[in-house]
Amino acid sequence: MKAHFHKIPISSQNSFSIRHDVKPNFGTIWHYHPELELHYVIKGEGVRLIGDNISNFSAGEIVLVGQNLPHTWRCREEYFQNDPELEVEAVVIQFMPECLGRYLLGLPEAYLVPKLFEKAKSGLLITGEAREQLAPLMRRAVEATDLDRIIIFLSILKILSETNEVETIASKHHAFTQSNESDTMRINKVCNYTLSNYRNEITLEEVASISNLSVTSFCRYFKLITKKTYYDFLIEIRISQACRLLIEDKLPTEVICFDCGFNNVSNFYRHFKKITKMTPLEYKRKYLRNYRELVAA
């Protein structure tokens with residue numbers, strides 16, 4: 001998907017960026033940058049788009065995004081209603097591969113680090129004990145200075161490069177074309193409209209109008225930059241929202257079906273199994289315990 005280039009501000013006194021964000025939401029702009037990004041969500045829920053993958057995110061999640069891999073964390077609609085009681089919180093570390101010196105990656109003792117950076121090109125979801133070790137280190141990194149800052153960062157790289165507790169997020173061969181400003185605005189309008197209206201019937205005429213294109217031109221354009229049809233994209237968004245509601249375990253599956261924009265239960269079940277490789281009940285049983293443990297951590 002075409003994405004907006006984002007310039008990461010890094011002080012001349014620092015070799016990499018660490019920040020602690022507390023704000024209403026994570027924004028909506030689909031973007032990329034040459035820095036790798038380690039993103040720890042402390043508070044917040046919604047849908048993340050990384051490369052060609054659409055998935056839910058929630059508190060406790062840690063993701064490593066590779067160089068120039070387009071991404072965005074799109075919060076649930078409640079986070080855009082100016083509710084002072086509802087906010088997101090995250091620790092974000094952004095760094096170039098050579099941030100500690102170009103010779104580090106060539107050291108024999110550091111041979112796992114370049115391999116990590118290569119795997120990160122598809123995005124990595126950190127799980128298990130590795131996630132538990134990284135969370136407090138990232139919190140400490142926010143306040144660390146001087147050599148302590150570098151020592152903590154090296155400890156983080158050590159955990160990431162040595163662990164097998166990771167899940168690849170995006171397609172290995174996902175590619176995108178750097179975009180101009182008009183393309184960036186167009187694709188973000190389509191994504192934001194879809195995420196705000198997926199519960200309703202959305203026609204191609206509607207999204208084509210938002211894009212200032214004819215239906216035929218829009219379909220060709222969307223398939224060219226996302227490698228999927230708009231209908232496939234909409235279904236993935238709806239299934240992603242259904243997954244979140246199933247894990248929350250507050251509504252019957254039939255209610256979730258219609259709440260997520262499907263017009264009949266059999267259609268919902270068919271698309272759900274095609275995308276997740278599981279039935280809704282199997283999905284709930286598999287992920288409900290893990291989700292509760294993640295939120296409680």
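Observations, loosely collected:
- Packing-based order for 260-267, 66-73, 51-58, using average beta carbon neighbours within 10 Å, highest first: 66-73, 51-58, 260-267
- In the chain, the longest principal axis of the Cα atoms and the axis of helix 280-296 are about 40 degrees apart.
- Cross-link partners of LYS274 among lysines, defined as those whose alpha carbon lies under 19 angstrom from its own and excluding same-chain residues fewer than eight positions apart: LYS227, LYS228, LYS284, LYS286.
- Summed over the residues of the stretch 186-255 and divided among them, the accessible surface reaches 46 Å² per residue at a probe radius of 1.4 Å.
- Most to least packed among 161-168, 141-148, 78-85, 90-97 [average Cβ atoms within 10 Å]: 90-97, 161-168, 141-148, 78-85
- Using a Förster distance of 41 Å, the FRET efficiency for ASN14-LYS189 (Cβ separation, nearest 0.05): 0.70
- Accessible carbon and sulfur surface of the chain relative to its total accessible area, %, 1.4 Å: 52 percent
- Potential extension, THR168-VAL265 segment - 0.36 nm per residue separation minus Cα distance: 31.9 nm
- Rounded accessible area per residue of the stretch 1-139, 1.4 Å, Å²: 43 Å²
- Mean Cα-pair separation over length for the stretch 4-168, i.e. relative contact order, pairs under 8 Å, 6 or more apart, %: 26 percent
- Taking every alpha-carbon pair under 8 Å whose residues sit at least 6 apart, the chain reaches a relative contact order of 19 percent.
- With both labels modelled 7 Å from their Cα along Cα-to-Cβ, the LEU204 to ASN82 distance reads 3.9 nm.
- Estimated dipole of the stretch 87-142 in Debye, rounded to 20 [Cβ of Lys and Arg +1, of Asp and Glu -1, Cα centre]: 160 debye
- Computed lengthening from LYS286 to GLU254, 0.36 nm per intervening residue step minus Cα-Cα distance: 9.6 nm
- Assigned charges on the beta-carbon of Lys, Arg, Asp, Glu; the chain dipole about Cα centre (debye): 860 debye
- The chain pair-distance distribution - Cα-Cα, 10 Å bins, rounded %: 6, 26, 34, 24, 9, 2
- Label sites at ASP21 and SER196, each approximated as a point 7 angstrom past Cα along Cα to Cβ, lie 1.9 nm apart.
- The residue list LEU213, ASN82, PHE153 was ranked by how far each Cα lies along the charge dipole of the chain toward its positive end, using unit charges on Cβ atoms, and LEU213 comes out on top.
- Förster-model FRET efficiency, 30 Å R0, THR28 and LEU107, C-beta, rounded to 0.05: 0.15
- Relative contact order, percent, the stretch 181-296 [alpha-carbon distance under 8 Å, six or more residues apart]: 21 percent
- The distance between label points at LYS227 and ALA144 comes to 3.5 nm (points 7 Å beyond Cα on the Cα→Cβ vector).
- Tilt relative to the chain, helix 128-143 - C-alpha long axis, 0 to 90 degrees, to 10: 70 degrees
The values are calculated or read from the model by the stated rules, or taken from the named source; none is laboratory data. This is a predicted model, so every value here is computed, not measured. Positions of Cβ are backbone-derived with ideal geometry, glycine not excepted, and every protein chain shown enters the neighbour counts. Quick note on the areas: whole protein, heavy atoms, side chains included, nothing else; ligands and nucleic acids left out. Shrake-Rupley method; radii C 1.70, N 1.55, O 1.52, S 1.80 Å.
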